[in-house]
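The values are calculated or read from the model by the stated rules, or taken from the named source; none is laboratory data. Please read all numbers here as calculations on a predicted model, not as lab measurements. Cβ: placed from backbone, ideal geometry, glycine included. Neighbour counts: every protein chain shown. Ligands, DNA and RNA are stripped out before the accessible areas are found, and what is left, the full protein with its side chains, is counted by its heavy atoms. Shrake-Rupley method; radii C 1.70, N 1.55, O 1.52, S 1.80 Å.
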Amino acid sequence: MEIQCSNIQIIRGHREIISSLSFQHKGAKLIGLLGPNGAGKTTLIRAIAGLQNISQGELTINDLQPQQSPSKLAHIMAYLPQQRTVHWALNNNEIVMLGRLPHQQTFQRPSDEDHKIVQDIMKTMNIDALAHRPFEEISGGEQARVLIARALAQQPEILLADEPTNGLDPAHQIRMMETFQQVVSDGCTVLLSIHDINLAAQYCDRILLMQEGHLVHDGAVKEVFTQENLSQVYGIETEIRHSAERLSVNIVGIPAMVSA
C-alpha cells in the first residue's frame, strides 16, 4: 500500500485548510496524525478517503486518485469518521456485517466466511455479547467499538481512522491500539488521528505532526516528540522520558503569557 501526497492544498470557502502538504508512505505501519484542534487532521484524512476535494497538488493511493476510483479503493481502504452515526435500525452484528459488502456480489447473502470474519472481529473488539442488541441502545464507547469492527471486517489494506479512541475508557483505548498493531502486522497500513500523545508514543511507528494546515514534523516517535516540537505546536511545557522500549511525555504546564 502506497500513499502519495504531493504539495496538496485544500481551500474551503475562502479559508486555506491544508497548505502545501507533502508526505509519502509505503508499507504496513501504524501512523499517528497529531496536532491541535483545527490543524487540518480531519480534512487530510477525508481527502485521502476521497471525501474532500483538493484544490491543488496530487494525492494518490496505489497510483489511484481517491475521488476517481471509489469502487476500486472500497476493496482496499476503509474509513472510520469521528461521527458515530448509523442511519438504519440494525443490530450490531448487522452493522459489522456491512463491512463485508465490498467483497460481495450485489444482493448476495453473507457467506459462511463472512459470518466467521464478523464473529472473530466482534470477539476481538469485545462486543460479541452485544451482537443482537440495537446499535442505538448501547453506550457511546460500545458504539465506537462496533464501528471500528465494521471497518476491520472490510479487511482493508489501509485503514483511515479519525480520533477512534475518543470516548473509550483506558482499557479499551489500549485494546484498540493493540488491535491496530495486530492488523498492521497482518499487512494493513493504519493512519489515525489521535490527541493522546502517550498512546501515539507507545504504539505508533511514524508520527505526522500538523499545525495550522502545515505538516511541521514527520518521523519516528523519538524524532518528533521533543520538548521543542511539542512547545512549538501545542504551546505546552513537557518532560520527555525515554526507556529502552518507549517514550513517555509528561505535560508540566503552559508557559505564562508575557504581557507587553
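Rounded to whole Å, the principal axis extents of the Cα atoms in the range 145-213 read 33, 25, 20, largest first. Of the solvent-accessible surface of the chain, computed with a 1.4 Å probe and all protein chains present, 46% belongs to carbon and sulfur. One chain, two ends: E136 and N166. Fully extended at 0.36 nm per residue, the span grows by 9.0 nm beyond their Cα-Cα distance. Note on the range 1-71 and the range 95-172: Cα centroid distance 25 Å, given to the nearest whole angstrom.
Ligands, DNA and RNA are left out, and with a 1.4 angstrom probe the accessible area of the chain is 51 Å² per residue. Within the range 142-260, all pairs of alpha-carbon atoms sorted by distance into 10 Å bins from zero give the percentages 11, 40, 33, 13, 3, 0.
Loop-resident GluC sites (Glu not before Pro) (DSSP state other than H, G, I, E or B) in the range 184-258 with no more than 16 further Cβ atoms inside 10 Å of their Cβ: E212, E245. Largest to smallest in accessible area, the residues R46, R241, R109 fall in the order R109, R241, R46 (1.4 Å probe, all protein chains included). Between Q227 and S55, the C-beta separation translates, for a Förster distance of 51 Å, into a calculated FRET efficiency of about 0.90.
When shorter helices are ignored and each DSSP H run of at least 4 residues is given -39500 (n - 2.57), the per-residue value for the chain at 222 nm works out to -9000 deg cm²/dmol. A straight chain from Q82 to R15 at 0.36 nm per residue would run longer than the Cα-Cα distance by 21.9 nm. Spatially, the range 224-238 and the range 182-221 are offset by 16 Å when compared through their Cα centroids. The aspartates and glutamates within cross-link reach of K222, meaning a Cα-to-Cα straight distance under 15 Å and a gap of 8 or more places when in the same chain, are D205, E239, E245. Over the range 9-69, what is the mean sequence separation of C-alpha contacts under 8 Å (at least six apart), divided by residue count, expressed as relative contact order in percent? Relative CO of the range 9-69 lands at 32 percent. Here the spin labels are modelled as points 7 Å beyond Cα on the Cα-Cβ line, and at D186 and L64 they lie 2.0 nm apart.
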